[in-house]
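This report refers to the structure that appears directly beneath it.
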Amino acid sequence: MQPLPRPAQYLLRVDDLCPTVSPKHWSAVRELIRQFGIRAILAVVPDNQDYALCMSPPDEGFWEDICAMQREGGTIALHGYQHLCTSRTKSLVPLHRRSEFAGHPLAEQCSRIRSGLALLRGRGLNPRLFVAPNHSFDRITLRALREEGLPHLSDGFARVPFLRDGVTWIPQQLWGPVSRSEGLWTICIHPNSTGPQRLNELKVFLKKHRDQFTSFDEVIGRFASVPLSLSERLHERLALWQVAFRFRRHRHRS
């Protein structure tokens, strides 16, 4: 059993990054990362075709800026391929109904991962882990990640990293700053929907907990890649059920 870190450790993950991200919101998030020296996980869409992520004309300086953030300590994550969630099927993390990966055959999933990696590497980036659009992927996705040499992903509701189906899962459980007493917690934010109030909440949190923020490299160096203990599997299932219930209630109200 891996001990839970005390005090709690935090990772910051920024999703939906692509040349058409909201320049105003992304600039504000980027400045906070730099101000506090946070080594964030930057989840980049290699070839965005999702109109919902087209918040502005393509920024010609986007790729150069992401490369600079990588040099400053950020970790690049492959955030799918085109962010087009066209299949409707069950996911290992059942928060959303649509997926870019789950439900597709192995050859197609491998092709999307391989193409996405090639595009990011062609831009001078070094993707280290996978972030599935909509948190949606299946066991075939995990096999595809292994076959394409990307055996780490950011997802799951445990409080420590763990090994499952040959892939190391670094849990992501929060969508805003929340103080915890123990464990490793990833806070995921989406610049396109991060307004002034949420940005200020994040700034206050970073000021208070700056020394508790860690990085992808530190996490994989500190934690053994082993399966979860029974008690942590039970915690994971309960946490997933609670989050899935909140997601379903939100969809019904929308």
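Readers should treat all values here as calculations from the given coordinates under stated rules, not as data from a laboratory. The structure presented is a predicted model; accordingly, all values stated were derived computationally and were not measured. Heads up, the Cβs are rebuilt from the backbone with ideal geometry, glycines too, and the neighbour counts pull from every protein chain shown.
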Segment residue 163-residue 201, length gained on full extension (0.36 nm per residue, minus Cα span): 10.4 nm
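Quickly estimate the mean residue ellipticity at 222 nm for the chain, helices only: each DSSP H run with n ≥ 4 gives -39500 (n - 2.57), and the total goes over all residues, rounded to 500. Working shown, then result.
Values: 7 runs with 95 residues, N = 254.
Helices in the chain give a 222 nm mean residue ellipticity of -12000 deg cm²/dmol.
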Footprinting exposure proxy for 55, 69 (fewest neighbouring C-beta atoms within 10 Å first): 55, 69
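Please work out how much length the chain gains when fully extended from residue 47 to residue 89, using 0.36 nm per residue of separation minus the C-alpha to C-alpha distance, in nm with one decimal. Walk me through the intermediate numbers first.
Working: separation 42, 0.36 × 42 = 15.12 nm, distance 2.30 nm.
This chain segment gains 12.8 nm when fully extended.
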Two-decimal Rg/Rh across the stretch 9-253, once Rg and the Kirkwood Rh are taken from alpha-carbon atoms: 0.93
Alpha carbon centroid spacing (whole Å) that separates the stretch 7-70 from the stretch 76-113: 21 Å
FRET efficiency for residue 72 and residue 6, using Cβ-Cβ distance with R0 set to 35 Å, rounded to 0.05: 0.75
Paramagnetic label zone (point 7 Å from Cα along Cα-to-C-beta, residue 147; backbone N under 16 Å) in the stretch 75-104: 101-104
Virtual spin-label span in nm between residue 217 and residue 114, 7 Å along Cα→Cβ: 3.0 nm
Alpha-carbon Rg with Dmax, taken over the stretch 1-116, Å: 16.3, 49
